[in-house]
Amino acid sequence: MSQQQPLISHLLELRTKLLRAIGSVLLVFIALVYWANDIYHYMATPLMQVLPESSSMIATDVAAPFFAPFKLTLVLAFFIAIPYVLLQIWSFVAPGLYKHEKRLVVPLLASSTFLFYLGIAFAYYVVFPVVFGFFTSVAPDGVQVATDISSYLSFILKLFFAFGLAFEIPVAVVLLCWAGVTTPEELKQKRPYIVVGAFIIGMLLTPPDIISQTMLAIPMLILFEGGLIAARFYSKKEDEEDQQQPSIGNEKS
């Protein structure tokens with residue numbers, strides 16, 4: 001019975017954290033939903049700027065004019081609430097971490113959030129104008145470019161997630177080196193394979209065009225090099241020595 005009580009208390013705490021995280025997303029969504037159409041128009045600007053004067057976006061489904069901006073606003077609400085969601089996760093796992101683990105997790109949470117936002121911004125401001133400009137310029141004669149709003153939403157969300165996750169490479173490199181799975185020196189020796197892997201990942205995560213694949217692979221390689229530099233500041237040997245010296249009362253703090 002005594003073992004069940006801590007388990008139940010942890011589950012109740014987890015439920016509280018999850019409800020707070022979900023509630024934060026809903027609150028942001030409620031605050032933004034009034035401007036759902038404006039938000040969609042802003043996200044569609046990179047495409048509309050390169051469409052021919054006689055073309056416009058279309059809705060092939062009856063409910064698409066309502067659901068497309070609605071879905072986009074909900075996803076945007078989650079993106080905005082990510083810092084608070086991560087804070088809830090951190091507050092739940094922090095009591096079970098050692099001091100050396102806390103020193104690593106805090107900067108990684110902050111940097112991973114920043115890199116995710118940076119990846120989304122890179123996709124919107126750099127990739128979208130180039131990709132959409134290329135797509136509209138190669139349309140055959142007699143073909144009018146008129147993109148469906150639901151298809152466009154799926155396209156940009158896929159790219160947002162692809163670039164947001166790809167920009168987490170420095171965090172992944174630091175974690176691998178800190179955990180002792182590999183070292184910066186070993187990763188340097190495998191650089192040719194990593195270059196090939198970056199282009200393969202770019203092919204899998206982006207639409208089937210060489211432009212978006214390349215524009216994802218090149219930042220991944222640059223971020224990989226940045227991860228190698230950051231990984232040098234974390235020494236597994238020092239972390240292991242710190243772990244062998246628990247805090248007062250032999251408890252994790």
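Of note:
- When residues of the stretch 47-104 are limited to those that are surrounded by 14 or more Cβ atoms within 10 Å (Cβ to Cβ) and aromatic (Phe, Trp, Tyr), the one farthest from Thr136 (Cα to Cα): Tyr98
- Condition broken by Ser9, with the remaining ones in (1) surrounded by 12 or more Cβ atoms within 10 Å (Cβ to Cβ); (2) outside any loop (DSSP other than H, G, I, E, B); (3) more than 28 Å from the chain's Cα centre (by Cα); (4) among the hydroxyl-bearing types (Ser, Thr, Tyr) satisfied: (1)
- Residues considered: Phe167, Phe160. Of these, the only one that is modelled with pLDDT of 85 or more, more than 29 Å from Arg103 (Cα to Cα) and in contact with a helix residue (DSSP H, G or I) (Cβ under 8 Å, 6 or more places away or on another chain) is Phe160.
- Scanning the stretch 34-46 for residues that are open to solvent by 70 Å² or more (accessible area, probe 1.4 Å) and aromatic (Phe, Trp, Tyr) gives Tyr34, Trp35, Tyr42.
- Selection from the stretch 40-84 of residues that are over 13 Å from Leu157 (Cα atoms), within 26 Å of the chain's Cα centre (by Cα) and β-branched (Val, Ile, Thr): Thr45, Ile80, Ile82
- Count of the stretch 153-198 residues, restricted to those that are aromatic (Phe, Trp, Tyr) and closer than 25 Å to Phe67 by Cβ, is 4.
- Test: residue in the stretch 28-46 that is part of a helix (DSSP H, G or I) and either among the acidic types (Asp, Glu) or modelled with pLDDT under 90 (or both): yes
- Leading residue by the ranking (farthest from Ala123 (Cα to Cα)) among those in the stretch 193-228 that are touching a residue at least 12 places away in the same chain (Cβ under 8 Å) and more than 18 Å from the chain's Cα centre (by Cα): Leu228
The values are calculated or read from the model by the stated rules, or taken from the named source; none is laboratory data. Worth saying up front: this structure is predicted, and the values here are computed from it rather than measured. Counting neighbours? That spans all protein chains shown, and the Cβs are built from the backbone with ideal geometry, glycine included. With ligands, DNA and RNA removed, areas are computed over all heavy atoms of the protein, side chains included. Shrake-Rupley method; radii C 1.70, N 1.55, O 1.52, S 1.80 Å.
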